[in-house]
Amino acid sequence: MKRSKYAKFLEQVALKHNTTVNEVRREIDIAIADAMTSTDPKAMEFWKQFGSRQPSAEEVIEIMSKEAQNRLNPLTNLKL
């Protein structure tokens, strides 16, 4: 089974911080759970897309990385 680039990213973070992938995921899950309780309107809008479920670390990393790419290169959003 092919690992996603996001799973590879988690492995790199774990190696850099001398810990396990499970520990990295656990810490990200804690941060996600905390962020989902934010009362900031922009944050609330972001978390709405997941309904009442907590997304995985990979899901959040994927969405945030795509948003960052779009901000850095707004031309990628153009529809021709």
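The values are calculated or read from the model by the stated rules, or taken from the named source; none is laboratory data. On a predicted model such as this, the values are computed, not experimentally measured, just so you know. Counting neighbours? That spans all protein chains shown, and the Cβs are built from the backbone with ideal geometry, glycine included. To get the accessible areas, we keep the full protein, side chains included, count just its heavy atoms, and leave off ligands, DNA and RNA. Shrake-Rupley method; radii C 1.70, N 1.55, O 1.52, S 1.80 Å.
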request  = Can you give me the number of residues within the range 26-44 that are of a type in the set (Ser, Thr, Tyr) and surrounded by fewer than 10 Cβ atoms within 10 Å (Cβ to Cβ)?
outcome  = 2
ask   = Just checking, how many residues over the range 1-24 are assigned to a helix (DSSP H, G or I) and within 17 Å of Ser65 (Cα to Cα)?
value = 9
inquiry  = As an exercise: evaluate Ile63 against (1) of a type in the set (A, V, I, L, M, F, W, C); (2) under 12 Å from the mean Cα position of the chain (by Cα); (3) at pLDDT 95 or above and give the number of the one condition it does not meet.
reply    = (3)
remark   = Scanning the range 6-47 residue by residue, the ones that are among the basic types (Lys, Arg) and within 12 Å of the chain's Cα centre (by Cα) total 1
request  = Can you tell me which residue within the range 4-25, out of those that are exposed (fewer than 13 other Cβ atoms within 10 Å of the Cβ) and closer than 15 Å to Val60 by Cβ, is modelled with the highest pLDDT?
outcome  = Lys5
query = Mind checking which residues of the range 45-63 are part of a helix (DSSP H, G or I) and open to solvent by less than 100 Å² (accessible area, probe 1.4 Å)?
reply = Phe46, Trp47, Ala57, Glu58, Glu59, Val60, Ile61, Glu62, Ile63
